[in-house]
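What follows is one structure encoded as structure tokens, with my remarks underneath.
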Amino acid sequence: MLRVDRPSITVSVVSHGQSALVQRLVEQLAVLVITSKVDIKLVLTNNLPQSNSFSDQFRLIQYPFALTLLVNETPLGFGANHNQAFRHCNSDYFCVLNPDIEFTNDPFTALANAFRDSKIGLAYPFQMDGGNVSLDFERELVRPISVAQRHIVKGRYHTGLNKPMHWVSGAFMVFKSSIFQELEGFDERYFMYCEDVDICLRLQLAGYKLVKADATVIHHTQRRTLKNLQHLAWHVRSLLRLWNSASYKQYKQRFIDNRAERS
């Protein structure tokens with residue numbers, strides 16, 4: 001009988017001193033991998049080198065999946081950490097996963113099945129908060145006016161069935177590995193913010209699509225920009241870089257301005 005190999009996925013998780021969150025996430029992975037129809041590997045990065053005991057606790061346990069532990073000598077940004085993890089990926093798919101994600105069941109089988117054709121480059125799940133409320137994980141293009149509406153006049157992203165969707169939250173993204181490689185991964189010139197926006201725009205400019213899978217996860221979002229001045233500074237700096245980037249300008253012209261002119 002001919003054996004059909006299961007799709008494989010390498011999951012990249014980065015800890016910024018989030019031992020309790022990562023411990024819960026890894027334990028959940030260990031449970032769901034037993035029945036999942038996807039072969040799962042985990043690359044776990046300790047982004048705070050002073051907390052070596054964090055890495056030691058995972059080295060002492062045998063997990064039902066291959067585990068690679070990375071310890072940074074100095075802290076890296078979001079994109080640099082996941083690009084580093086991707087160098088350890090030999091799977092069909094590459095998953096970027098926040099430590100503050102919680103599973104209610106196996107999302108990876110549905111995410112792998114979402115790649116129905118060669119033009120799908122990124123799949124993502126539905127995200128709920130801890131109170132069973134949908135989060136704004138599918139978002140419009142970030143523009144100065146939308147930032148002003150949300151943070152200055154306390155507005156919100158446009159919601160509803162006809163909401164435009166140009167990028168998705170980097171809390172849970174699954175890429176076809178060959179396409180992530182083609183895009184040369186995240187742009188490491190960003191630091192902590194807008195890497196997800198940029199790669200979604202570049203992916204679509206390259207002719208690929210984003211697709212929502214039939215999967216749901218809980219995201220205990222931190223929203224550090226609103227609580228920490230350093231994060232706010234990083235966010236503003238990344239937004240300015242994004243708005244002046246070639247990918248942003250090309251995407252806006254092709255997918256927004258040109259379509260508005262034709263309508």
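Please work out which residue is most open to solvent (accessible area, probe 1.4 Å), limiting yourself to the range 41-66 and to residues that are outside any helix (DSSP H, G or I) and over 17 Å from Val14 (Cβ atoms). Steps first, answer last, please.
Initially, the range 41-66 is screened for residues outside any helix (DSSP H, G or I), giving 41-51, 60-66.
Now narrow it down to the ones that are over 17 Å from Val14 (Cβ atoms): 60-66.
Numbers: Leu60: 150, Ile61: 72, Gln62: 174, Tyr63: 40, Pro64: 75, Phe65: 19, Ala66: 58 Å².
Among residues in the range 41-66 that are outside any helix (DSSP H, G or I) and over 17 Å from Val14 (Cβ atoms), the one most open to solvent (accessible area, probe 1.4 Å) is Gln62.
Assuming Thr74 fulfils every condition listed in (1) assigned to a loop (DSSP other than H, G, I, E, B); (2) under 21 Å from the mean Cα position of the chain (by Cα) apart from one, which condition is it?
Unmet for Thr74, out of (1) assigned to a loop (DSSP other than H, G, I, E, B); (2) under 21 Å from the mean Cα position of the chain (by Cα): (2).
Would you pick out the residues in the range 1-27 that are of a type outside the set (A, V, I, L, M, F, W, C), open to solvent by less than 40 Å² (accessible area, probe 1.4 Å) and touching a strand residue (DSSP E or B) at 6+ places or on another chain (Cβ under 6 Å)?
Of everything in the range 1-27, those that are of a type outside the set (A, V, I, L, M, F, W, C), open to solvent by less than 40 Å² (accessible area, probe 1.4 Å) and touching a strand residue (DSSP E or B) at 6+ places or on another chain (Cβ under 6 Å) turn out to be Ser8, Thr10, Ser12, Ser15.
Assess whether Leu69 counts as being surrounded by fewer than 16 Cβ atoms within 10 Å (Cβ to Cβ) and under 30 Å from Glu184 (Cα atoms). Lay out the reasoning, then the answer.
On the way: surrounded by fewer than 16 Cβ atoms within 10 Å (Cβ to Cβ): yes; under 30 Å from Glu184 (Cα atoms): yes.
Here the answer is yes, as Leu69 does meet what is asked.
Looking at Asn83, Asn132, Asn90, Asn105, which is the one that is assigned to a loop (DSSP other than H, G, I, E, B), out of contact with any His (no Cβ under 9 Å at 6 or more places or on another chain) and either among the small types (Gly, Ala, Ser) or at pLDDT 95 or above (or both)?
Working: Asn83 fails: assigned to a loop (DSSP other than H, G, I, E, B); Asn132 fails: either among the small types (Gly, Ala, Ser) or at pLDDT 95 or above (or both); Asn105 fails: either among the small types (Gly, Ala, Ser) or at pLDDT 95 or above (or both).
One residue alone meets the criteria, Asn90.
If I filter the range 201-220 for residues that are open to solvent by 70 Å² or more (accessible area, probe 1.4 Å) and at pLDDT below 95, do I get at least one hit? Please lay out each step first, then the result.
We begin by selecting, within the range 201-220, every residue open to solvent by 70 Å² or more (accessible area, probe 1.4 Å); these are 209, 212, 214.
The next check asks that each one be at pLDDT below 95; those that pass are none.
Scanning the range 201-220 turns up no residue that is open to solvent by 70 Å² or more (accessible area, probe 1.4 Å) and at pLDDT below 95.
Please go through the range 41-80 and pick out each residue that is modelled with pLDDT under 85 and of a type in the set (Lys, Arg).
Arg59
Could you please find all residues in the range 180-216 being in a helix (DSSP H, G or I), under 23 Å from Pro7 (Cα atoms) and more than 15 Å from the chain's Cα centre (by Cα)?
Those that are in a helix (DSSP H, G or I), under 23 Å from Pro7 (Cα atoms) and more than 15 Å from the chain's Cα centre (by Cα): Gln181, Glu182.
Consider the range 1-15. How many of its residues are touching a residue at least 60 places away in the same chain (Cβ under 8 Å) and either more than 17 Å from Tyr93 (Cβ to Cβ) or of a type outside the set (S, T, N, Q) (or both)?
Within the range 1-15, the subset touching a residue at least 60 places away in the same chain (Cβ under 8 Å) is 7-15.
Of the ones still in play, those that are also either more than 17 Å from Tyr93 (Cβ to Cβ) or of a type outside the set (S, T, N, Q) (or both) are 7, 9, 11, 13-15.
Total satisfying the criteria: 6.
I need a count of the residues in the range 229-240 that are of a type outside the set (Phe, Trp, Tyr), touching a Phe, Trp or Tyr at 6+ places or on another chain (Cβ under 9 Å) and either buried (at least 17 other Cβ atoms within 10 Å of the Cβ) or at pLDDT below 85 (or both). Explain how you work it out, then say what you get.
Filtering the range 229-240 down to residues of a type outside the set (Phe, Trp, Tyr) leaves 229-233, 235-240.
Those left that are additionally touching a Phe, Trp or Tyr at 6+ places or on another chain (Cβ under 9 Å): 231, 235-239.
Those still in the list that are either buried (at least 17 other Cβ atoms within 10 Å of the Cβ) or at pLDDT below 85 (or both) too: 231, 235, 238-239.
Of the residues in that region, 4 qualify.
The values are calculated or read from the model by the stated rules, or taken from the named source; none is laboratory data. Note that the structure is a prediction, hence the values are computed from the model and not measured. Heads up, the Cβs are rebuilt from the backbone with ideal geometry, glycines too, and the neighbour counts pull from every protein chain shown. All accessible areas refer to the heavy atoms of the entire protein, side chains included, with ligands and DNA or RNA removed. Shrake-Rupley method; radii C 1.70, N 1.55, O 1.52, S 1.80 Å.
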